[in-house]
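Notes follow once the structure below has been shown.
Only the coordinates and a few stated rules stand behind these numbers; no lab work does. Keep in mind it's a predicted model, so treat the numbers as computed, not measured. Please note: Cβ atoms are built from the backbone with ideal geometry, for glycine as well, and neighbour counts cover all protein chains shown.
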Amino acid sequence: MENQQLTEQELEELTWLMRATLENPWYGLLAYIAIVILALIVFNLGFARELPVLKKVIVYITLIIGCFVLWMMEFAFGAPIIVILIVSGVVLGIYRFRLHLHRKQKEQA
């Protein structure tokens, strides 16, 4: 496969992840791994319940497969999925921390 040179205008039309992957193909995989890790964090902070092991495995596999759709939105359309997941994780982390403080305060009273 020949290494084709893109014009400046074609490079400007690419999303940031496409440009980064063009420079180093591993960046696409790293972005997918980042999306999976962030999605798992957000899921555990906001939505996870105690489940039997098999159901938990099924939920996590489904989440990992669904992250591919999020990665495609980030890669093809330039949607800020990674940033959204980071912000969601911070907001849910703050919520969980405040909930912990509230429960601790309520327990002491």
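With both labels modelled 7 Å from their Cα along Cα-to-Cβ, the Arg103 to Ala76 distance reads 4.1 nm. With neighbour counts taken as other beta-carbon atoms within 10 Å, the residues Tyr95, Tyr60 rank, fewest first, as Tyr95, Tyr60. In plain terms, the residue of Phe75, Phe97 with the fewest other Cβ atoms within 10 Å comes first and the most crowded comes last, giving Phe97, Phe75.
Take every Cα pair under 8 Å in the chain that's 6+ residues apart, average their separations, divide by the length, and report that relative contact order as a whole percent.
33
Applying 1/(1 + (r/R0)^6) with r as the Cβ-Cβ distance of Tyr27 and Gln5 and R0 = 25 angstrom yields a FRET efficiency of 0.85.
Hydropathy first: keep DSSP H helices in the chain averaging at least 0.0 on Kyte-Doolittle, then drop any whose Cα extent along the axis falls short of 18 Å, and list what survives. Mind dumping the intermediate values first?
Working: long enough: 26-46 (30 Å, 2.18); 53-77 (36 Å, 1.92); 81-108 (40 Å, 0.58).
The answer, listed by residue number, is 26-46, 53-77, 81-108.
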